[in-house]
Each structure stands twice: as structure tokens, then as C-alpha cells.
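Comments concern the structure below.
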Amino acid sequence: MSDVGELSGEVALVTGGSRGIGRAIARSLAEAGATVVVVARNGDAAAEVAGALPGEGHLGMACDVSDAQAVVDVVRRIADEAGPVSLLVNNAGITRDNLLLRMKEDDWDAVMSVNLKGAYNTVKAVTKGMMKARSGVVINITSVVGLMGNAGQANYAASKAGLVGFTKSVARELASRGIRCNAIAPGYIRTDMTADLGDGATDSLQASIPMGRLGEPEDIAGVVRFLAGPSARYITGQVLAVDGGMVM
Ligand code: NAP
């Protein structure tokens, strides 16, 4: 752990931190001085990312956020090895896209259980410790699709819209305990999740973005760092779109 930086002394849990947006978030929180714990289903990939972060004491662990008991176990292990989680970033997410009439029940359930129930599992597991400390920060990564809807993504959009209601409810419930909860709604960010859009789709997407470019993972990571830190101490229950102007 670094002894300088605005997040020095914080223990940050970043779900889905093994690649894409989560990996950039883990890096930016580590640069700010936090001890970072990266989790993903692939524990080796999580450990590799944690090992490459600046500073010391970072950890990588396997955890499927849709498994409530696995989340409780990992949060306990973090408390033993690094201290209680004081900053939680719910970033793990999946897509199982299809038009509604072709969407299988399994695809609906899988997306809900990772994107929405996963956040419920992690917040529930860390809240007791945060309440005891009378401080804590939760940041949920939702999506502009949760605000606008998207053809072919009814399951994903519903899970991300659910996260918005969840964020605001947690913020209201825990504000008096010193815990802040906000959400970030990324637009289209260049990661594995958006890699197979195809050149044509990417071009027309780009044309729909006022700033004229897709986002990079670092565009989201910087905003997480801001919301996690003391500059955002009076902000809770907000959904911040980071999307080059798609939603305004
Ligand atoms: P990504 O490149 O596909 O990475 C997803 C991460 O989540 C991986 O680390 C993955 O690791 C992990 N993950 C998936 N299922 C998990 C589970 N059940 N338990 C724990 N970890 C799990 O995705 P991304 O583009 O970086 O997206 C990150 C977040 O931003 C997601 O919530 C996504 O919905 C949101 N978002 C992305 C965009 C975009 O344009 N890319 C836009 C808006 C919102 P394992 O596979 O090893 O588990």
C-alpha cells in the first residue's frame, strides 16, 4: 500500500477487475493509494492484474459475484488479509444479447444474477463493516443502456436500470451511517465486451456520440477515483453518465 494519495488507507474491492473497465479502475485506485482487491471468476487472471498494480499489498481472488456464499467468503478473506472493505466497485457484468422473442429464460436469469443480484450480494456482504466504521463508498457500474433501453438487450438494460434503483435505495438507506453510494453509466467503451460489434456498427455508433469517439476504460476509471475520494464527499445517490454526451 502506498502511503501517499487521496485513497491511502482504503481497502478497495473491484469486481470484474481482471480486464477492461475493471482493470483500469483497479489501476487508478491503486495509483490513488488504495489497497486493491481484484476479483473475477478467473482467479489467475485477477491475481495477475493485482500483481501488476502500482504499490504493494494488492490481492487477486476468484469469486463469482452471483454466488452469495462465495461473496461472503471472499469479503471475510479480504478482512483477514488486508482489512475490512471500505470501498466497493460493482463492475462485474455480462451480456447475453438477443431480441426479446428469441431470448431464452437462461439468458435473462444469467444477466440478472450477475449484473443485479451480484451487486446486492456484495453490498450486503460489506455493509456491516462499513456501518461499524461509519464510513464507506459504493460505486455501481451501470450503463447508458439502463437509462435509454436498447433493442436486443432487454435483459441487460433491465439489469442496469435495476442497478439505478438499487443505487438510490442504498444511498438513502445508508447515508446517515456515513456510507455513500453512486453509479456511473458508461456509454460505449472499447473493451472485450464491445469488441465484436463490427466496423459498420462501430462507425454508426461513433456518429451517434456527440464527442465523436468511443470511450476508453480510463475515461471511466478517473470518474470512479473522483467519486471514491474526498472531493465527492457530499455526493450520494447520483448516476453520472460518462458517455461522450450520448445521454443528456
Ligand atoms: P469485460 O471486458 O467483459 O470484463 C468483464 C469483467 O467481469 C471480467 O473481469 C470478468 O472476469 C468479470 N465477470 C464476469 N462475470 C463475473 C461474475 N459472475 N463474477 C465475477 N466477475 C465476473 O467488460 P467491460 O466492458 O470491462 O465491462 C465492465 C462493466 O462495465 C460491466 O458491468 C458492463 O456492463 C459495464 N459497461 C460496459 C460498457 C462497455 O461499452 N464496455 C458500457 C456500459 C457499461 P471473468 O470472466 O473471469 O469472471
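The values are calculated or read from the model by the stated rules, or taken from the named source; none is laboratory data. Being a predicted model, the structure only gives us computed values, none of them experimental. Here Cβ is always computed from backbone atoms with ideal geometry, including for glycine, and neighbour counts include all displayed protein chains. For the accessible areas, the whole protein counts, side chains as well, though only heavy atoms, and no ligand, DNA or RNA atoms are used. Shrake-Rupley method; radii C 1.70, N 1.55, O 1.52, S 1.80 Å.
Taking trypsin sites (Lys or Arg not before Pro) as candidate sites, keep only those in a DSSP loop with at most 14 other Cβ atoms within 10 Å, then name the longest stretch of the chain containing none of them.
Looking at the chain, 1-103 is the longest stretch - no exposed trypsin sites (Lys or Arg not before Pro) with at most 14 other Cβ atoms within 10 Å.
Under 10 Å, Cα contacts only: if you run a Gaussian network model on the chain, which one of Gly212, Gly43, Gly118 comes out with the highest mean-square fluctuation?
Looking only at Gly212, Gly43, Gly118, the largest GNM fluctuation is found for Gly212.
Can you give the Kirkwood hydrodynamic radius of region 104-222 from its Cα pairs, in Å with one decimal?
That comes to 15.8 Å for region 104-222.
Can you tell which of Glu216, Glu173, Glu31 shows the greatest fluctuation in a Gaussian network model of the chain with Cα springs below 10 Å?
Its mean-square fluctuation being the largest, the pick is Glu173.
Quote the relative contact order of the chain in percent (integer), defining contacts as alpha-carbon pairs under 8 Å separated by 6+ residues.
Relative contact order, the chain: 19 percent.
With charges only on Cβ, +1 for K and R and -1 for D and E, what is the dipole size of region 97-151 about its Cα centre, in debye, rounded to 20?
With Lys and Arg at +1 and Asp and Glu at -1, about 520 debye.
Quick one: compute the contact order of region 16-126, relative version, from alpha carbon pairs under 8 angstrom and 6+ residues apart, as a percent.
Rounded, it is 24 percent for region 16-126.
Nearest 20 debye, what's the magnitude of the dipole of the chain about its Cα centre given +1 on Lys and Arg Cβ and -1 on Asp and Glu Cβ?
It works out to roughly 980 debye.
Report the gain in length on full extension from Arg96 to Ile235: 0.36 nm times residue separation, minus Cα-Cα distance, nm rounded to one decimal.
Going from the current span to full extension adds 46.8 nm.
If you take the Cα Rg of region 191-248 and divide it by 2.2 N^0.38 Å, with N the number of residues, what do you get?
So the Cα radius of gyration is 1.37 times the expected 2.2 N^0.38 Å.
Anyone know which of Ala157, Ala68, Ala30 comes out most mobile in the 10 Å Cα GNM of the chain?
Ala68
State in Å² the accessible area per residue of the chain; use a 1.4 Å probe, count heavy atoms of protein chains only, and round to the nearest integer.
Using a 1.4 Å probe on heavy atoms only, each residue of the chain averages 48 Å².
Output the Kirkwood hydrodynamic radius of region 1-134, Cα pairs only, in Å rounded to one decimal.
Kirkwood hydrodynamic radius for region 1-134: 15.0 Å.
Going by Cα centres, region 196-243 and region 8-78 are how many Å apart?
So the two Cα centres are separated by 21 Å.
May I ask you to list the chymotrypsin sites (Phe, Trp or Tyr not before Pro) in region 164-248 that are in a DSSP loop and have at most 10 other Cβ atoms within 10 Å of their Cβ?
Of the chymotrypsin sites (Phe, Trp or Tyr not before Pro), the ones in loops of region 164-248 whose Cβ has at most 10 other Cβ atoms within 10 Å are Tyr234.
With unit charges on the beta carbon (Lys/Arg positive, Asp/Glu negative), name the residue among Gly165, Ala185, Leu147 whose Cα is farthest towards the positive pole of the charge dipole of region 74-185.
The residue sitting most towards the positive pole is Gly165.
So what does log10 I(q)/I(0) come out to for the chain at q = 0.11, 0.14, 0.17 Å⁻¹, using the Debye formula with one equal point on every Cα and no solvent?
Those come out to -0.53, -0.88, -1.31, one per q.
Taking only DSSP H segments of four or more residues, each worth -39500 (n - 2.57), what value at 222 nm results for the chain once the sum is divided by all its residues, to the nearest 500 deg cm²/dmol?
-13000 deg cm²/dmol
So what is the relative contact order of region 131-248, in percent, for Cα pairs below 8 Å that sit 6 or more residues apart?
34
Roughly how big is region 112-248's charge dipole about its Cα centre, with Cβ charges of +1 (Lys, Arg) and -1 (Asp, Glu), in debye to the nearest 20?
Using only the charged Cβ atoms, the result is roughly 1120 debye.
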